[in-house]
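The values are calculated or read from the model by the stated rules, or taken from the named source; none is laboratory data. These figures come from a predicted structure and were not determined experimentally. Positions of Cβ are backbone-derived with ideal geometry, glycine not excepted, and every protein chain shown enters the neighbour counts.
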Amino acid sequence: MEQHAIPRQITSFEFKLIGFLTIKQFIYLLVTIPTGILIFYIFPVPILNFLLGLIVALIGVAFAFVPINDRPMEVWVRNLIKRLTSPTQYFFKKQNPAIYFLKDLVFTNDPHRVMSHIDSQQKLSKYLNNKTQVNNRNRNQEISNLFTDSFASLLGKKSKPQPVAPKEPPSIIAPQQAKVKTPFLTGLVKNYKQTALIGVLIYIKKGITSDPIRILKTNSHGIFATYNPLPSSDYFFEVKDPKGNFFFDTMKVKVENTNEKPVEIVSKELI
């Protein structure tokens with residue numbers, strides 16, 4: 001298997017300049033080890049001076065050679081000091097100085113200037129709304145008259161101004177009212193607790209064993225309707241609940257040309 005070199009973090013890589021030590025490791029050892037020796041000879045207590053000197057020297061060795069989770073000891077100490085000295089609570093100050101890029105902006109609270117600005121905006125919008133577009137025919141006529149006058153002035157003749165056709169007012173077309181379509185047959189499906197049932201299928205048949213000629217479904221209010229008329233006759237309404245929670249009897253309904261009264265279907269109560 002071909003071997004590949006593992007990428008190395010060169011931004012934090014330190015070259016070993018003093019033997020097998022980097023400059024930072026050498027400085028740690030140069031500072032802590034002589035300090036530990038000095039404490040050993042200066043401190044008057046025999047056993048305590050040895051312990052204090054050893055602790056100082058080991059601290060330098062730990063800073064130089066002992067990483068924790070691939071991070072040097074100095075990073076952990078620096079983060080600990082930063083965390084202990086940083087604030088743990090933040091307070092909101094209502095009056096703060098403006099941001100540097102907002103210092104040159106001027107904000108006003110004068111109501112007269114605000115009202116004048118609003119009034120000018122309203123007048124401008126009213127003017128733009130009342131201004132109608134010029135008719136293309138009139139515009140072409142004005143351009144042709146301008147060219148005619150220019151040629152006449154060059155030839156030393158004065159042309160008669162041609163009349164401009166009057167502008168025709170825009171025709172207003174009244175919106176047509178949408179025709180409301182009345183359903184031919186409506187009905188309501190509910191259970192024995194007078195609660196409307198949703199998604200119930202109604203099969204309209206000419207006979208009990210014949211194929212359905214119309215299949216309807218109740219909406220979120222338990223209402224079903226059909227807009228296509230049926231011939232006046234007796235029909236069988238077979239109602240089925242797709243979920244199987246409610247059961248219905250097959251009904252015989254007389255359908256006429258106009259059915260103003262809706263058909264009411266109630267489920268059978270299960271004991």
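Go through (1) in a strand (DSSP E or B); (2) at pLDDT below 60 for Gly187 and report which single condition fails.
Gly187 satisfies all of (1) in a strand (DSSP E or B); (2) at pLDDT below 60 except (2).
Counting just the residues of the stretch 225-262 that are of a type in the set (Val, Ile, Thr) and free of Cβ contacts under 8 Å to residues at least 24 places away in the same chain, which one comes out farthest from Leu201 (Cα to Cα)?
The residue in question is Thr258.
Are there strands (runs of 3 or more DSSP E) fully within the stretch 201-271 with at least 1 residues that are among the polar types (S, T, N, Q)? List them. So that I can check it myself, show each step before the final result.
Working: elements: 201-205, 212-217, 223-226, 233-240, 251-255, 263-266.
The qualifying strands (runs of 3 or more DSSP E) are 223-226, 233-240.
Any idea which of (1) farther than 21 Å from Leu29 by Cβ; (2) at pLDDT below 85; (3) within 46 Å of the chain's Cα centre (by Cα) is the one Ile68 doesn't satisfy?
(1)
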